1. So what is the accessible area of region 35-154 per residue, in Å², with the probe set to 1.4 Å?
2. Apply the Karplus curve 6.51 cos²θ - 1.76 cosθ + 1.60, θ = phi - 60°, to the phi angles in region 59-66 and return the couplings in whole Hz, x for Gly and Pro.
3. Name the long-range amide H neighbours of Glu30: under 5 Å, sequence gap of 5 or more, or other chain; modelled H, no Pro or chain starts.
4. Show me, for region 51-56, the HN-Hα J-couplings you get by feeding each phi into the Karplus relation (A = 6.51, B = -1.76, C = 1.60, θ = phi - 60°), rounded to Hz, glycine and proline as x.
5. Would you mind checking which residues have amide H under 5 Å from Ala93's amide H? H placed 1.01 Å from N; only 5 or more apart, or other chain.
6. Any idea how far apart Ser15 and Thr94 come out in nm if each label point goes 7 Å out from Cα toward Cβ?
7. With each label point set 7 Å from Cα along the Cα-Cβ vector, what nm distance links Ser34 and Asp8?
8. Considering the zone a paramagnetic label at Ser61 would reach in this model (a point 7 Å from Cα along the Cα-to-Cβ line), which residues of region 107-126 have amide N under 12 Å from it?
Amino acid sequence: MAQYARPDSDVSAGSWTASSGSNLYAMVDETSYSDSDYVSAVRADTTCELGLSNVTDPVSSSGHVLRVRHAKTGTGSMGTCSAALKQGATTIATMSCTPGAAQTQELTLSAAEADAITDYSDLRVALTADWISGIVTGWQVTWVELETPDAPAAGG
């Protein structure tokens, strides 16, 4: 089996907004994705950080997969967007997110990246949007999760 770390807190909001309510994490924390609620960034260079729920160290260098579901809004060009897995202030891995229609992108961590995680209770995802001046297009993120292998059995 696997373990799943999903957003459970807002660490910092930047200029990101929630589609409803005030908590960003609550918009992207579903077990299965839902495109009906989201966080968005429009016309600003901005980063938000979302704390992930705790998982137990799987004592494995494989099977770590970051998933982000996102979509471009509007019809214009946009700059770049990315999602980074962090432990505290340390970036573990980063993926570029290709703007376009709603899609789920995955990043499988390398063994070295997975081994760099030393505290599974301090994981975060940083979402960053970098915009081209004068463009009115936005970026929506509807779902985030980190899959890790199951933890070893106690005493085993």
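The values are calculated or read from the model by the stated rules, or taken from the named source; none is laboratory data. Keep in mind that this is a model prediction, so the values were computed, not measured. Note that we place each Cβ from the backbone using ideal geometry, even for glycine, and neighbour counts take in every protein chain shown. With ligands, DNA and RNA removed, areas are computed over all heavy atoms of the protein, side chains included. Shrake-Rupley method; radii C 1.70, N 1.55, O 1.52, S 1.80 Å.
1. On the way: 5070 Å² over 120 residues.
For region 35-154, the solvent-accessible area averages 42 Å² per residue.
2. Once θ is set to phi - 60°, the couplings for region 59-66 become 6, 8, 9, 10, x, 9, 10, 8 Hz.
3. Long-range HN contacts for Glu30: Val144.
4. Coupling constants for region 51-56: x, 9, 5, 6, 10, 8 Hz.
5. Leu85
6. 1.9
7. Taking the two extended label points, one gets 1.9 nm.
8. Inside the label zone: 110-116.
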